[in-house]
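The values are calculated or read from the model by the stated rules, or taken from the named source; none is laboratory data. Being a predicted model, the structure only gives us computed values, none of them experimental. Positions of Cβ are generated from backbone atoms using ideal geometry, with glycine treated the same way; all protein chains shown enter the neighbour counts. Side chains are part of the model used for accessible areas, which takes the heavy atoms of the whole protein and leaves out ligands, DNA and RNA. Shrake-Rupley method; radii C 1.70, N 1.55, O 1.52, S 1.80 Å.
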Amino acid sequence: MADAENSLLGETTCGSLLQKLQEIWDEVGESDEERDKMLLQIEQECLDVYKRKVEQAANSRAQLLQVLSDAKLELSTLVSALGDKSSVGIPEKGSETIKEQLAAIAPALEQLWKQKEERVKEFSDVRSQIQKICGEIAGNASEQTGALAVDESDLSLKKLDEYQVKLKELQKEKSDRLSKVLEYVSTVHDLCAVLGMDFFSTITEVHPSLGDSTGVQSKSISNDTLSRLAKMVSALNEDKKQRLHKLQELATQLIDLWNLMDTPKEERRLFNHVTCNSSALVDKVTVPGALALDLIEQAEVEVDRLDKLKSSRMKEIALKRQVELEKIFASVHIEIDPEAAREKIMALIDSGNVEPTELLADMDNQIMKAKEEALSRKEILDRVEKWMSACEEESWLEDYNRDENRYNASRGAHLNLKRAEKARILVNKIPGMVDTLVAKTRAWEEDRGISFMYDGVPLLAMLDEYAMLRQEREEEKRRLRV
């Protein structure tokens, strides 16, 4: 029975149900009034059902329209953000259903979303590189952590190009800064080598990365690093300049002391590394260790040693100077009192009232003046030597003329005869030699306001005496001939 009813309900329509209802009412005996009332109720319930369905359909349409509107807005936003000037076809409302429009927009949205993800990644990569280089320049690269937020309202290629241009500028600046840093580091290395300083500990005072051998790109290029490197180079150059000045002063002192004490060349060679830069320009001193502190200290110790040695050897050195002075005077026939001069020197040294260097400088000055004096006397002394040589020949000739056996055919007679002939010629020149010598001597004396002394005797007096003796001899010869 139940299966028959279910089968019947499966094929039921509104008309069959109304007919069934009429049969039940007939069988029950419902009144027309009651029947009309129940039919109105059935009709109202049907209207309510339709209303609910219409409302549901309207809500569903509104939701679809909102989704479509949101999709269009998103499409428009993506196109605007990406700067894509090509239009995306959106179906008109009257030409296509809402679902068809949504179906048409979906592929475009999917493509734009994919493009947006790629563009955001490009922006993020470029901006990360910019941030990294800016951090390196500012010196706070280690503080730059986390991903950068990308402004998704403008993801255009134009904006991306702007960032890429900025990145290239920063990369160029980084390259320039890195070159400058490497130049500074190289200069510091060379200066440390010359000054005998530890390069690694010196350069890492500026920044630890500068001593890192892992790679060039890891070195700090910040403003602070460049500034500190510039200051370090300046300080090292100043240190180099001061050390060279000190070393050159020590080299000069060494050379003066060596010359003062006639130090052997072998001993001097031990300090060639000091004296080789005695006149060098600061930029030309590049040999490693040339200006090391221990080298300067070594030179200072040697100067101090020689200075003490100089004091103990002062008498010996001063006497050497005195001997040199005496030799100069003796060579030009200037008579001095060497014993008195030596006693004076010894007394000065023993008194301690004169600096050894001043005493030796004074003696060097005396030697220089003596050499100048000797040079001014040279011409006259050469003529005196010739005159005296002629006088010796004159004396020999007188002895020769008095020899009665001079013409005997003895051994050597012919040689004496030749000498006599030459002697007569030379003797005849003596008056002229004397006259010239007198004129030269008088000119010399007038120029200097002193007498020309020869072994303690005025030369003009010697010449006058010779002239008088010669005249007496000539008069004696004339009397003998009469």
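Things to note:
- Approximate spin-label separation Glu27-Phe199, in nm, with each point projected 7 Å along Cα-to-Cβ: 11.8 nm
- In plain terms, the chain from Lys132 to Ala280 could stretch by 48.6 nm, reckoned as 0.36 nm per residue minus the Cα-Cα distance.
- One equal scatterer on each Cα of the range 253-394, no solvent, Debye formula: the resulting log10 I(q)/I(0) at q = 0.12 Å⁻¹ is -0.69.
- What the chain shows is 66 Å² of accessible area per residue, with the surface traced by a 1.4 Å probe over protein heavy atoms.
- Dividing the mean sequence gap of close Cα pairs (under 8 Å, 6+ apart) by how many residues the chain holds gives a relative contact order of 9 percent.
- Rounded tilt (10° steps) of 314-331 against the dominant C-alpha axis of the chain: 50 degrees
- Applying 1/(1 + (r/R0)^6) with r as the Cβ-Cβ distance of Leu75 and Lys241 and R0 = 56 angstrom yields a FRET efficiency of 0.15.
- Protection proxy ranking, peptides 423-434, 277-288, average beta carbon neighbours within 10 Å, highest first: 423-434, 277-288
- Spin-label pair Glu45/Arg269, simplified geometry with 7 Å Cα→Cβ offset, distance in nm: 13.5 nm
- Taking Cα centre as origin and charging only the Cβ of basic (Lys, Arg, +1) and acidic (Asp, Glu, -1) residues, the dipole magnitude of the chain rounds to 4300 debye.
- Note on Leu375 and His189: with the Förster distance fixed at 41 Å, the Cβ-Cβ geometry gives a FRET efficiency of about 0.15.
- Surface share of carbon and sulfur [accessible, 1.4 angstrom probe, percent] for the range 419-482: 54 percent
- Förster-model FRET efficiency, 22 Å R0, Ser331 and Asp435, C-beta, rounded to 0.05: 0.25
- Taking 19 Å as the straight-line reach from the Cα of Lys174, the lysines in range (excluding those fewer than 8 positions away in the same chain) are Lys132, Lys166, Lys219.
- Counting 0.36 nm for each residue step from Ile98 to Arg61 and taking away their Cα separation leaves a gain of 12.5 nm.
- Once mean projected area of the Cα convex hull in nm² is calculated for the structure shown, the corresponding label among (1) 28.2; (2) 26.0; (3) 65.0 turns out to be (3).
- Pairs from Lys386/Lys477; Lys327/Lys386; Lys72/Lys99; Lys72/Lys121 whose Cα-Cα separation, in the structure shown, is over 20 Å: Lys386/Lys477; Lys327/Lys386; Lys72/Lys121
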